[in-house]
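*Asks:* Got a structure for you, questions after.
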Amino acid sequence: MKKVILVFVILLNILINGQIKHIYTGKVDSIVIKNYSYYDKETSTVNDTNESNSIQLLNSKKLKGKQIVLLNELLKSKKSYLPERALLSHFNKKIEFFLNGDKIQDITISTMTKNITIYNREKLIYKAKMSSSLEKGILNIEK
């Protein structure tokens with residue numbers, strides 16, 4: 001039984017590390033963090049009769065050089081991710097990476113569930129739960 005658990009842990013570690021390597025942290029023209037108000041049936045209250053979905057941009061911030069370096073360091077760290085995920089599809093924060101005017105990476109984050117989903121050129125490359133250090137780091141970068 002111990003061998004089965006050990007093999008499972010090793011395979012999970014390989015899978016997580018392999019996916020993290022695909023996160024783009026190279027040269028970019030700009031990185032923009034956008035905050036949204038996200039409302040849908042999953043995030044509604046018990047007696048809520050409103051059944052419409054709503055996603056509204058609240059604000060956005062273009063990161064500067066030092067902030068980009070710090071964000072890339074956070075994204076490269078294995079300690080930034082937890083191997084679990086909530087089932088809700090909610091998100092309220094987006095980090096967009098641009099190179100030569102094209103969006104090359106898109107990260108969606110839910111501060112409610114702590115889910116993080118990373119797309120590289122529209123292709124899903126990683127889904128996990130962000131650690132508290134990643135969450136705090138992103139909040140500090142936004143200040």
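*Asks:* Please work out which one of (1) touching a residue at least 24 places away in the same chain (Cβ under 8 Å); (2) within 14 Å of Y38 (Cβ to Cβ); (3) among the polar types (S, T, N, Q) is the condition S133 fails and give its number.
*Replies:* Condition (2) is where S133 drops out.
*Asks:* Taking E73, is it over 22 Å from Y38 (Cβ atoms) and open to solvent by 10 Å² or more (accessible area, probe 1.4 Å)?
*Replies:* The answer is yes for E73.
*Asks:* OK, next. Do any strands (runs of 3 or more DSSP E) entirely within the stretch 54-143 hold 1 or more residues that are modelled with pLDDT of 90 or more and under 13 Å from the mean Cα position of the chain (by Cα), and if so, which?
*Replies:* Correct list: 93-99, 102-109, 115-120, 123-130.
The values are calculated or read from the model by the stated rules, or taken from the named source; none is laboratory data. The structure displayed is predicted, hence computed values, not measured ones. Backbone-built Cβ (ideal geometry, glycine too); neighbour counts: all protein chains shown. Calculation scope for accessible area: heavy atoms of the full protein, side chains included, ligands and nucleic acids excluded. Shrake-Rupley method; radii C 1.70, N 1.55, O 1.52, S 1.80 Å.
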